[in-house]
1. Name the pairs whose Cβ atoms lie under 8 Å apart, with the first residue in the stretch 147-171 and more than 13 Å from LYS53 (Cα to Cα) and in contact (Cβ under 8 Å) with a residue 60 or more places away in the chain, the second assigned to a loop (DSSP other than H, G, I, E, B) and of a type in the set (Gly, Ala, Ser), and 6 or more positions between them or separate chains?
2. Give LYS87, LYS43 a once-over and let me know the one that is basic (Lys, Arg) and closer than 15 Å to LEU9 by Cβ.
3. Any residue at all in the stretch 98-107 that is at positive phi, surrounded by fewer than 18 Cβ atoms within 10 Å (Cβ to Cβ) and modelled with pLDDT of 90 or more?
4. Can you find even one residue in the stretch 122-135 that is modelled with pLDDT under 65 and over 27 Å from GLU21 (Cβ atoms)?
5. Sort through LEU63, LEU74 and tell me the only one that's modelled with pLDDT of 85 or more, more than 13 Å from the chain's Cα centre (by Cα) and part of a strand (DSSP E or B).
6. For the stretch 128-162, give me each residue that is touching a helix residue (DSSP H, G or I) at 6+ places or on another chain (Cβ under 9 Å), assigned to a loop (DSSP other than H, G, I, E, B) and surrounded by 16 or more Cβ atoms within 10 Å (Cβ to Cβ).
Amino acid sequence: MLTGKQNELIKILLSSINEEEKIFCEPIIEYLVELGYIPKKRKKSSFLLDFEKNGRIISKFELQKDKENKISLLFWLRFSANKNYSKIFLDAVAKRPESWIKRNQFHKNHKIENCCGWCKGKPVFYYFLNDDGIKIIRCGGYTLPIEGVTENDIPEIIILIKEQDKHFSDMLEIK
């Protein structure tokens, strides 16, 4: 059950986006809340709403302003516990987020002994094949920005969230 403030954060998000983005966001937010994820606003210049449970962030919804002050939505998802995902998610894995580059995370492959620690248990990784067909491994401890998602991607997103949440729950049981 969400508090009044948490419901207000969701209302702010939904009132700031267009109808198409609302159609995308609403079922995902409902599912996250159903699983027990709590919305928390990040202290940042833009509006960034994390969905967190037991100290683990599984998804983010970020409102960004472009040069013309137009607001758009950027959806973030952590889905590293999944083994299979479609091209839109593979593209997100293959693209190194700018924030990672700023933190000097230039290396292509991570070994378990070099895990960042965000996995809080058994490390999981994102995988993709580069242009040469070589399997690349990326740290799975983070949410990734998923550009270009639409309401057509909702069923897959729900599956990815379900599997990631199961992984988080399994890690809690191991402790």
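1. Close Cβ pairs (under 8 Å, with a partner that is assigned to a loop (DSSP other than H, G, I, E, B) and of a type in the set (Gly, Ala, Ser)) amount to ASP153/SER86; GLU156/SER86; GLU163/ALA81.
2. Being basic (Lys, Arg) and closer than 15 Å to LEU9 by Cβ holds for just one of LYS87, LYS43, which is LYS43.
3. No, because not a single residue in the stretch 98-107 is at positive phi, surrounded by fewer than 18 Cβ atoms within 10 Å (Cβ to Cβ) and modelled with pLDDT of 90 or more.
4. Checked against the condition, which is being modelled with pLDDT under 65 and over 27 Å from GLU21 (Cβ atoms), the stretch 122-135 yields no hits at all.
5. Answer to the check: LEU63.
6. Of everything in the stretch 128-162, those that are touching a helix residue (DSSP H, G or I) at 6+ places or on another chain (Cβ under 9 Å), assigned to a loop (DSSP other than H, G, I, E, B) and surrounded by 16 or more Cβ atoms within 10 Å (Cβ to Cβ) turn out to be TYR142, VAL149.
The values are calculated or read from the model by the stated rules, or taken from the named source; none is laboratory data. Model, not experiment: these values are computed from the prediction. All Cβ positions, glycine included, derive from the backbone under ideal geometry; neighbour counts span all protein chains shown.
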